[in-house]
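Asker: Below is one structure. I have some questions about it.
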Amino acid sequence: MSIDAVLLLLISSLLAAAGQVMLKYSAVGRAALAEHLNVWLFAGLGCYAAGAVLWIYCLARLPLLKVYPFTTLAFVLTILAGVLVFGEHATLTYWVGLGFILAGLLLVSL
């Protein structure tokens, strides 16, 4: 896989993770449905949309078996953001599991 493709997939994963963080931020401390309609919600949806466009672009040019494992990267980035941005606690077992996920991504991407 070319470095350009990897970069596009990385950006797509970053946008997906950023979108998830913004959606979480849009929901924190809000109770009524109308309160969820805020700038963070729309920014999160915008990140998802941009990431989806890049994802589809990559899908059109690369085998699904090479592209799909990058969804795990978005998972890992979102968890890191949960810890760093929201102060959520992850146990050692959780970190070891994330290490295995990243190792698996590396193996299937070779």
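Just so you know, all these numbers are worked out from the coordinates, no wet-lab data involved. Here the structure is a predicted model, which is why all the values come from computation and not from measurement. Glycine gets a Cβ as well: all are built from the backbone with ideal geometry, and neighbour counts include every protein chain shown.
Asker: Given Cα positions, please report Rg to Rh for the range 3-109, the hydrodynamic radius being the Kirkwood one.
Answerer: 1.03
Asker: Further, regarding this structure: Can you pull the one-decimal nm distance between simple spin-label points at LEU92 and TYR68, each 7 Å off the Cα toward Cβ?
Answerer: The answer from the label model is 3.5 nm.
Asker: In what sequence, highest mean first, do 31-39, 8-16 appear when ranked by Cβ atoms within 10 angstrom?
Answerer: 8-16, 31-39
Asker: For the range 44-56, just list the computed ³J(HN,Hα) in residue order, Karplus coefficients 6.51, -1.76 and 1.60, θ = phi - 60°, integers in Hz, with x standing in for Gly and Pro.
Answerer: Values, residue by residue: x, 5, x, 5, 4, 5, 5, x, 5, 4, 4, 4, 5 Hz.
Asker: Apply the Karplus parameterisation 6.51 cos²θ - 1.76 cosθ + 1.60, with θ equal to phi minus 60°, to every residue of the range 20-37 and state each ³J(HN,Hα) to the nearest whole Hz, in sequence, with x for glycine and proline.
Answerer: Residue by residue, the range 20-37 yields 5, 5, 5, 5, 4, 4, 5, 9, 4, x, 10, 10, 6, 4, 5, 5, 6, 8 Hz.
Asker: With θ set to phi - 60°, apply the Karplus curve 6.51 cos²θ - 1.76 cosθ + 1.60 along the range 58-69 and write out the HN-Hα couplings as whole Hz, x wherever there is a Gly or Pro.
Answerer: With the stated coefficients, the range 58-69 comes to 5, 4, 5, 10, 10, x, 4, 5, 8, 7, 4, x Hz.
Asker: What is the gain in length, in nm to one decimal, between VAL28 and LEU59 on full extension, counting 0.36 nm per residue of separation less the C-alpha to C-alpha distance?
Answerer: Between VAL28 and LEU59, full extension yields an extra 7.8 nm.
Asker: Between the DSSP loop rule and a limit of at most 12 other Cβ atoms within 10 Å, which trypsin sites (Lys or Arg not before Pro) in the range 1-62 are left?
Answerer: none
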